[in-house]
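Notes to accompany the following structure.
The values are calculated or read from the model by the stated rules, or taken from the named source; none is laboratory data. Bear in mind that the values here come from a model prediction, so they are computed numbers and not experimental data. In this analysis, Cβ positions are derived from the backbone assuming ideal geometry, glycine residues included, and neighbour counts consider all displayed protein chains.
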Number of protein chains: 2
Amino acid sequence: MLINGVPGDQVSVHDRGLLYGDGVFRTLRVIGGCMQYWPRHYRKLQQDCVALRIICPEAALLFEELRRLIEQQPDGVAKIIITRGEQMVRGYAPVENMIPTRILSLTPSLDYPSSNYSRGVRLRLCDLRLAHQPKLAGIKHLNRLENVLAAAEWTDPDIAEGLLLDIFDNVIEGVRSNLFMVRNGELFTPNLSNCGVAGIQRERVIEWAAKHGVPCRVRQFGLAELLVADEIFLVNSVIGLWPVHELSGRNWNHHPISMQVQKWLNHAHD
Amino acid sequence: MLINGVPGDQVSVHDRGLLYGDGVFRTLRVIGGCMQYWPRHYRKLQQDCVALRIICPEAALLFEELRRLIEQQPDGVAKIIITRGEQMVRGYAPVENMIPTRILSLTPSLDYPSSNYSRGVRLRLCDLRLAHQPKLAGIKHLNRLENVLAAAEWTDPDIAEGLLLDIFDNVIEGVRSNLFMVRNGELFTPNLSNCGVAGIQRERVIEWAAKHGVPCRVRQFGLAELLVADEIFLVNSVIGLWPVHELSGRNWNHHPISMQVQKWLNHAHD
């Protein structure tokens, strides 16, 4: 691990990342010494920093520090946390031009069952409903208690992911993934302007659809509409794409479009 | 500062307090070697831990550690942060029975202008609207980005506090304080079942009112109703009670009931 470029695993208790969750993060796969979709990840990190008015470290600096970690270990999952930095003065109001803290780590990849990719996974409806906060929606920030509470709702290892609705019962996302449904050859993914995290695999799927002439709409929909979808799939940067084979007693055994998207996501390099 | 009872100012980057804002905190005044309202603070800390299913450290342990800090410095503001603890496994789902991290600090008190207590303060309506999350409402947890964004909305030092409404335009609280209004000799304070932090000074005011036969109702109200109040006041554990002398162009020059409550808050010991 590197903290501001220095090997270590400690941060100051004056760091606003700890005090207020005042920071953002990215999780990305490293395969054979290569960071997957680095330009997209950096762009998103930068956008999230801008949204919170945190000064985003230069791409070259982060890239070089990640390379130092990758030299020791060519495969794994890299995590980048950028906090607003340390502040000795008490209070929520951030001081101007703070120096952000960079926390970079590289840990071994988890092996997911191969059936997650072929047969699909079980998805479970969470009780927790996501709050509407347009000023934070889409951002991968460090205020993740909703995800923590939702993830704590089940322990059955057969359930791979939890489905999150918002306080108005719109479908939003998985606890750690974005969601798409397929109906009559069209893709649909929830609008994330009030809550949820807009991940880069979601962005890649939307671009794939545009390139391949597959209609893809970003809009609101509820559970009833999701349950009559032809297919459902989940995406994120670490897992890739998992089709859903079960949700709320409904089963899906064929995932032709999900499989096409999965193939493309795995083989395209941007 | 004491981290798990050991002098220091660093925590592990694997601490879920940093990774997800997965923890709670208290801020309390220490005057002449005494922690103000310790039993109430501990009770609230315990309630907040229970709500997040964090194992709350024993009162005796925290009390003893605070005493060690107070020996060095008899006056100031103590902050207690309890996080769910360190977790080496990646992921939102908390491991069972984690050992929480205790972060205790004692810093000098800020001196607020004495006019804040007598003449009152300027309150400014924030643009940010608080999201509704009943599963987190009332808890003083570490997911404080809404407060950070709201506090960043103004820099004018004449404005002492920001007023927060919720997404349905109900009045909720100050950025770092709870709010009361006075109308026809009655007190009103917002319902915090969907958002906001329920502080211990708010609880003390509600009890004061009950003891003194002053009606005090917890209910929803909007800005229009607040602006025609006879008095408004703000409370928290560090500032005590500040009357409001200005909000959105409206001025208040007399605060008879606020002053009574202030006097009682300052002199009662529970």
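For region B:90-113, how many residues meet the condition of being exposed (fewer than 13 other Cβ atoms within 10 Å of the Cβ), away from chain A (no Cβ under 11 Å) and under 21 Å from the mean Cα position of the chain (by Cα)?
The total comes to 2.
In region A:144-172, what residues are within 18 Å of A:Asn236 (Cβ to Cβ), out of contact with any Ser or Thr (no Cβ under 9 Å at 6 or more places or on another chain) and touching a residue at least 12 places away in the same chain (Cβ under 8 Å)? Walk me through it before giving the result.
Restricting attention to region A:144-172, the residues satisfying the condition of being within 18 Å of A:Asn236 (Cβ to Cβ) are A:144, A:146-148, A:150-151, A:159-164, A:171-172.
Applying the additional criterion that residues be out of contact with any Ser or Thr (no Cβ under 9 Å at 6 or more places or on another chain) yields A:144, A:146-148, A:150-151, A:159-160, A:162, A:164, A:171-172.
A:Arg144, A:Glu146, A:Asn147, A:Ala150, A:Ala151, A:Ile159, A:Ala160, A:Gly162, A:Leu164, A:Val171, A:Ile172 - these are the residues of region A:144-172 that are within 18 Å of A:Asn236 (Cβ to Cβ), out of contact with any Ser or Thr (no Cβ under 9 Å at 6 or more places or on another chain) and touching a residue at least 12 places away in the same chain (Cβ under 8 Å).
I'm trying to understand the selection: among the residues of region B:67-83, which are touching a strand residue (DSSP E or B) at 6+ places or on another chain (Cβ under 9 Å), in a helix (DSSP H, G or I) and farther than 10 Å from B:Ser105 by Cβ? Lay out the reasoning, then the answer.
Pass one, region B:67-83, residues touching a strand residue (DSSP E or B) at 6+ places or on another chain (Cβ under 9 Å): B:67-70, B:72-83.
Okay, now just the ones that are also in a helix (DSSP H, G or I), so B:67-70, B:72.
Once the filter is applied, which keeps residues that are touching a strand residue (DSSP E or B) at 6+ places or on another chain (Cβ under 9 Å), in a helix (DSSP H, G or I) and farther than 10 Å from B:Ser105 by Cβ, region B:67-83 yields B:Arg67, B:Arg68, B:Ile70, B:Gln72.
It is to be established whether one or more residues within region A:221-232 are surrounded by fewer than 22 Cβ atoms within 10 Å (Cβ to Cβ) and touching a Ser or Thr at 6+ places or on another chain (Cβ under 7 Å).
Yes, region A:221-232 has at least one match.
Pairs under 9 Å by beta carbon, first residue aromatic (Phe, Trp, Tyr) in region B:63-87, partner modelled with pLDDT of 95 or more, six or more apart or different chains?
These pairs meet every condition: B:Phe63/B:Met35; B:Phe63/B:Trp38; B:Phe63/B:Tyr42.
Can you name the strands (runs of 3 or more DSSP E) wholly within region B:88-172 that have at least 1 residues being assigned by TED's automatic domain parsing to the domain that holds B:Val24 and of a type in the set (Val, Ile, Thr)? Spell out how you get there, then give the answer.
Details: elements: B:101-107, B:121-130, B:159-166.
It comes to B:101-107.
Mind counting the residues in region B:35-47 that are touching a Cys at 6+ places or on another chain (Cβ under 8 Å) and either of a type outside the set (A, V, I, L, M, F, W, C) or not assigned by TED's automatic domain parsing to the domain that holds B:Arg84 (or both)?
Adding up the residues that qualify gives 1.
Scan region B:114-146 for residues that are in contact with a helix residue (DSSP H, G or I) (Cβ under 9 Å, 6 or more places away or on another chain) and at the interface with chain A (Cβ under 7 Å from one of its Cβ atoms) and jot them down.
The answer is B:Leu128, B:Ala131, B:Gln133, B:Lys135, B:Leu136, B:His141, B:Leu142, B:Asn143, B:Arg144, B:Leu145.
Can you tell me which of B:Met1, B:Met35 is under 19 Å from B:Pro74 (Cβ atoms), of a type in the set (A, V, I, L, M) and away from every other protein chain (no Cβ under 13 Å)? Before you say what the answer is, go through the steps one by one.
Details: B:Met1 fails: away from every other protein chain (no Cβ under 13 Å).
Criteria check complete, one pass: B:Met35.
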